[in-house]
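**Q** I am attaching a structure below and will ask some questions about it afterwards.
The values are calculated or read from the model by the stated rules, or taken from the named source; none is laboratory data. No experiment lies behind these values; they were computed from the predicted model shown. In this analysis, Cβ positions are derived from the backbone assuming ideal geometry, glycine residues included, and neighbour counts consider all displayed protein chains.
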Amino acid sequence: MSFQNPVFIPGPTNIPENLRKACDMPTIDHRSPLFGSILHPALDGVRQILKTTKAEVFIFPASGTGGWETAITNTLSAGDTILVARNGMFSHRWIDLCERHGLNVQIVETNWGDGISAEKYAEILSKDKALKIKAVLATHNETATGVKSDIASIGRAVKSVNHPALFMVDGVSSIGSMDFQFDNWGVDVAVTGSQKGFMLPAGLAILGFSERAMAATKSGTLHRTFFDVHDMQAGYANNAYPYTPAVGLMNGLNEACKMLLDEGLDNVFARHTRIASGVRAAVSAWGLELCATAPEFYSDTVSAIRTPAGFNATDIVTHAAETYGVAFGVGLGEVAGKVFRIGHLGSLTDVMALSGIATAEMCMVDLGLDIELGSGVAAAQEVYRAGPAIENRKV
Ligand code: PLP
């Protein structure tokens, strides 16, 4: 018999049993009303999670990276200028994708550990009198550094200077676990995937397009075939895809949306805040620091934890996997070897989080770090004991 520990990588996340079952279904005709009875509720569910009444939702058989490509290729043309901050490995990869598509990328270099500066975006946009900048990109939650950016403020900054640039947001490691308000924040394109807040296996790129983004698809000339939103929209009207959809995953997505909405989005976000607060209490009890440089940047879905100078943080991840069968995330890019990451998003309870904290603690002690066994667990326990009474918890 093999026992499966929860994972603490920041996606793919733990898959609840009901979602695993929902993905495991017999073949159906994917060009039929039966498929429509999965597709349309899934689209509606995503719309509710994104908090939008107006956006067009698209679900591609792809991952978050395919979502980035969908956002760019449907709305922009080669040579267009875009504005984007680089503050971690994922914003870096989105930039790389844009450059490979021939976009002129204006990069706001940002310390890996800081959030995106809305003021800097506003300043650059206000100087762009020729309106060269066609899109502003922001990563809501930099998974590599555990840094959250204030998307509401960035949205307001774009509006405050009356600039017509489209506002595109990567919500891959936030949507479904942290609050995301597509309509209120003035987002034009939101990108996510199935394997994080939606608690499913990887395999779906999930997007929202505003009316303005849909209008931009008429003028954007970058090449797209697989990711063409108009082909997709035409398919939806006939309960079909322009090609073969990942039906089981979409059935799972439908269930995942129901699960999140049944728990109540505010409860989902509060649960993530509480779990993250416990992890942060443990980090501080260990005498360690987060990569995120200030509380306003602390992510509720992933904590990147700095280890002492001279210590290779990746050793913790390797040791946890080899000795305890537990998965944490390694540091990426600039912070490789300097941080290890505890993912705390998706299907997770306080008690599951305690097992991850306890494992990290054992690994650090095994590897000779000056940490007291039980110190982080005790600090997190105090946070979790103060959480809502068990009968009010709908996890
Ligand atoms: N954006 C962020 C913030 C991510 O964390 C990830 C993956 O972890 C991606 C984009 C890329 O998504 P995918 O690996 O699903 O292509």
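**Q** Would you check if there is a residue in segment 347-358 being of a type in the set (A, V, I, L, M, F, W, C), within 29 Å of residue 16 (Cβ to Cβ) and in contact with a Ser or Thr (Cβ under 7 Å, 6 or more places away or on another chain)?
**A** No, that holds for no residue.
**Q** Something else now. Is it the case, given these coordinates, that residue 112 is more than 20 Å from residue 175 (Cα to Cα), within 16 Å of the ligand (Cβ to nearest atom) and modelled with pLDDT of 95 or more?
**A** Taking the combined requirement at face value, the residue satisfies it.
**Q** Looking at segment 257-275, can you tell me whether even one residue there is within 16 Å of the ligand (Cβ to nearest atom), touching a strand residue (DSSP E or B) at 6+ places or on another chain (Cβ under 7 Å), in contact (Cβ under 8 Å) with a residue 12 or more places away in the chain and not basic (Lys, Arg)?
**A** yes
**Q** Does segment 161-206 hold any residues that are in a strand (DSSP E or B) and near the ligand (Cβ under 8 Å from one of its atoms), and which are they?
**A** Of everything in segment 161-206, those that are in a strand (DSSP E or B) and near the ligand (Cβ under 8 Å from one of its atoms) turn out to be 170, 191, 193, 205.
**Q** While we're on this one: Could you list, in sequence order, all residues of segment 338-395 that are polar (S, T, N, Q) and modelled with pLDDT of 95 or more?
**A** Answer for segment 338-395, where residues must be polar (S, T, N, Q) and modelled with pLDDT of 95 or more: 347, 349, 355, 359, 375, 381.
**Q** Among the residues of segment 155-164, which ones are under 30 Å from residue 290 (Cα atoms) and surrounded by fewer than 21 Cβ atoms within 10 Å (Cβ to Cβ)?
**A** Residue satisfying the conditions is 156 alone.
**Q** Restricting to segment 119-154, count the residues that are more than 16 Å from the ligand (Cβ to nearest atom), surrounded by 24 or more Cβ atoms within 10 Å (Cβ to Cβ) and not in a strand (DSSP E or B).
**A** Total meeting the criteria: 1.
**Q** While we're here: Only one of these conditions is not met by residue 204: (1) in contact with a Ser or Thr (Cβ under 7 Å, 6 or more places away or on another chain); (2) surrounded by fewer than 21 Cβ atoms within 10 Å (Cβ to Cβ). Which number is it?
**A** (2)
**Q** Could you please find all residues in segment 223-239 being under 21 Å from residue 79 (Cβ atoms) and either touching a Leu at 6+ places or on another chain (Cβ under 7 Å) or free of Cβ contacts under 8 Å to residues at least 60 places away in the same chain (or both)?
**A** The one that is under 21 Å from residue 79 (Cβ atoms) and either touching a Leu at 6+ places or on another chain (Cβ under 7 Å) or free of Cβ contacts under 8 Å to residues at least 60 places away in the same chain (or both): 225.
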